Each structure stands twice: as C-alpha cells, then as structure tokens.
Amino acid sequence: MDGLGGGPKRGAPWKRMSKEELENQYSPSRWVVRLGAEEALRTYSQIGNEAGPEVPQVHLPHFIGEEVTKRAQATGRNLLDVPYGDGEAEKLDIYFPEAVSEALPFLVFFHGGYWQSGSKDSSAFMVSPLTAQGVAVVIVAYDIAPKGTLDQMVDQVTQSIVFVQKQYPGNQGIYLCGHSAGAHLAAMMLLANWTEHGVTPNLKGFFLVSGIYDLEPVMHTSENAPLLTTLEDAQRNSPQWRLKTAPTQPVDPACRILVTVGQHDSPEFHRQSREFYQTLRRGGWKASFEELHDVDHFEILWNLTQKDYVLTQIILKTVFRES
C-alpha cells in the first residue's frame with residue numbers, strides 16, 4: 001500500500017506504513033502476550049475508570065488500579081484531592097512514608113491513557129513499595145481530551161511540579177515518572193521554562209515508561225479523534241521534535257533520565273523510545289535506555305506494585321543514589 005500522503009517512501013519508518021499498519025502499531029492492546037486484546041482493554045479501562053459497555057466482562061488476573069489505589073488511600077498517610085491550580089481537574093494525591101520528614105524525595109507520577117482516559121484515582125501502583133522505602137509519591141490529575149488540549153495538559157503538569165516544589169522546598173529531589181501518554185507529559189518538562197513560574201524545581205530524575213515522544217504519527221490514527229491535533233500542535237508538543245530542532249541544554253547535567261520500554265511493546269513504541277534516548281544523549285543529557293524483559297505495554301506499569309520488580313528497584317536505586 002502507499003505510504004501516508006502518497007509521497008515517496010522515505011523519512012521516518014512510520015511514513016512508509018499504511019493507515020492500517022499505523023493503527024496497529026499505535027494500538028498497545030494488540031501487542032499483549034498474556035491477555036487477549038479485549039481483556040487488556042478491559043483491564044486498562046478499569047484502571048482508567050473508563051470501562052464501556054462495548055467491552056465484555058472478563059476475569060482479570062492482574063491488580064486493578066482502583067483496588068490498588070483504595071488500599072493506598074486506606075493507610076491514612078496521605079493528602080487526597082489537593083488543589084494545585086484553580087481548575088476542577090487540577091488536583092493531586094500525596095502519599096507519605098510512615099516516617100514523615102520535611103526532607104523527603106518525591107516521585108511525581110503522570111498516568112497514561114492516550115491523553116483521553118485514565119485517572120489519578122486508579123494509578124497508585126507504585127505507592128506501597130516506594131513509600132515503604134521512604135519515598136513520597138504524588139499522583140497528578142489533569143484535564144484529558146476532549147475537554148483538555150495537549151497544551152493545557154502540559155501546562156497543568158508544569159503547575160503540579162511547581163506546586164510540589166513550593167509546598168516542600170526542603171525536598172531531597174523530585175523525580176518524574178510517566179507511563180505512555182504520561183511519559184510524554186513528563187518528557188515535556190525537559191523543555192519547561194521554570195523562570196516563568198518563579199521557582200526552579202529540584203528535579204533529580206525522569207522515569208519515562210513506554211512513552212510517545214513524537215506525536216505526528218498519532219495524528220494519522222483513530223486516537224487523534226478526541227485530540228484534534230494539528231501538525232503545529234504535534235510539533236510544539238513533541239519533545240523528540242523540539243530537542244532535535246532546537247536542542248535544550250540540561251538545567252542540571254547530573255539529572256538522570258531513564259527511557260524504558262517493554263519487550264512486547266510494538267515496534268513503533270520501541271523506535272520512539274530508542275530514538276528519544278539517542279536524541280537526549282546527543283544533547284548532553286544523562287540518559288539511559290532499558291528494555292524490560294517479558295512485559296507488554298500494560299504489565300510494565302502494573303508490575304510496579306511489586307517491590308522486587310526490576311523497574312521498582314531501578315527507581316529506588318536512582319532515588320537513593322542521588323538524594
């Protein structure tokens with residue numbers, strides 16, 4: 001089949017794909033290995049509290065995000081629905097270790113869901129293993145599409161980080177973590193102009209999990225329907241494109257960035273992750289790349305409930321090496 005646009009088959013690999021293949025590449029549920037596609041969607045929908053009647057009820061062998069979050073909330077060592085801005089969705093949850101001090105490392109998490117589903121109320125996967133080791137965890141809500149635009153989401157994520165820094169100025173480091181679309185939002189913080197916000201957050205690390213860093217291919221899939229992303233929107237909100245065309249120097253050269261992808265993520269997710277890692281390295285960022293063995297796009301996140309999971313351990317080792 002002809003590539004998108006009918007032009008010569010050159011440039012980025014996705015430009016040589018048919019619309020059907022591009023849709024396939026950017027549909028993570030089609031690449032799961034243990035759950036069927038419908039079951040994966042149902043599980044992820046429940047995680048995002050977006051389950052629809054068109055998805056059949058099935059048995060779920062994995063933790064459900066809502067259940068994990070309820071357990072984390074039940075400990076009582078938290079502040080829930082804390083406003084970080086004036087908007088209805090501009091709220092965050094903060095989960096504290098048992099021994100609370102003024103100088104804690106904070107991991108700030110941004111959920112995925114293709115910028116159009118997902119919720120902070122079903123995203124507390126990493127809370128238990130991290131708070132048990134002395135890390136405070138912040139789960140951020142933002143306006144998803146179609147109500148929220150990409151520009152608005154990026155601004156809200158920026159506001160949430162400014163809020164954490166101002167509320168806890170004695171922190172031992174702020175570490176950003178995002179999954180899928182959340183990884184994109186976290187990566188956009190590499191480009192933030194903090195002087196506009198009157199505070200420079202104490203950013204020590206980024207954990208970018210199965211993310212999308214060039215939004216242009218997504219424009220040509222059904223995922224763009226609620227986003228209505230134009231080429232200008234995609235470029236402005238693509239950390240890959242912006243870092244390649246106008247390299248930004250690291251504010252803190254010691255800040256660590258881990259770009260990670262699941263073994264069973266699609267080839268396009270692999271390509272995006274590896275190319276973003278390479279762009280970071282060329283720009284002088286302290287970046288590393290990890291392909292996590294035998295996990296798909298969803299399991300790479302769900303497994304953060306486990307203290308011995310490789311990504312959980314990487315996060316903890318990074319936090320306590322730096323703090």
Task: First in the range 308-321 and modelled with pLDDT of 95 or more, second anywhere and open to solvent by 40 Å² or more (accessible area, probe 1.4 Å), Cβ under 6 Å, 6 or more apart - done: L316/Q133; T318/R256
Open item on the list: Against the definition (more than 26 Å from S160 (Cα to Cα), polar (S, T, N, Q) and in contact with a helix residue (DSSP H, G or I) (Cβ under 9 Å, 6 or more places away or on another chain)), how does S210 come out, yes or no?
Closed with: no
Open item on the list: Could you check the range 244-285 and list, in sequence order, the residues that are more than 19 Å from the chain's Cα centre (by Cα), of a type in the set (D, E, K, R) and either farther than 20 Å from V319 by Cα or surrounded by 14 or more Cβ atoms within 10 Å (Cβ to Cβ) (or both)?
Closed with: K244, R281, R282
- [ ] Quick one: in the range 202-215, of everything that is open to solvent by 10 Å² or more (accessible area, probe 1.4 Å) and of a type outside the set (A, V, I, L, M, F, W, C), which residue is nearest to D151 (Cα to Cα)?
- [x] D214
TODO: Assess whether T229 counts as being touching a Leu at 6+ places or on another chain (Cβ under 9 Å), closer than 22 Å to Q25 by Cβ and either modelled with pLDDT under 95 or basic (K, R) (or both).
DONE: yes
Open item on the list: Condition (residue is buried (at least 20 other Cβ atoms within 10 Å of the Cβ), closer than 19 Å to L92 by Cα and among the small types (G, A, S)) applied to the range 158-170: is it met by at least one residue?
Closed with: yes
TODO: Please determine, by comparing only the residues of the range 71-122 that are touching a residue at least 60 places away in the same chain (Cβ under 8 Å) and surrounded by fewer than 16 Cβ atoms within 10 Å (Cβ to Cβ), which one is farthest from the chain's Cα centre (by Cα).
DONE: E102
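The values are calculated or read from the model by the stated rules, or taken from the named source; none is laboratory data. Everything quoted here is computed from the prediction, not taken from an experiment. Cβ coordinates were reconstructed from backbone atoms using ideal geometry, including for glycine residues, and neighbour counts include every protein chain displayed. Ligands, DNA and RNA are stripped out before the accessible areas are found, and what is left, the full protein with its side chains, is counted by its heavy atoms. Shrake-Rupley method; radii C 1.70, N 1.55, O 1.52, S 1.80 Å.
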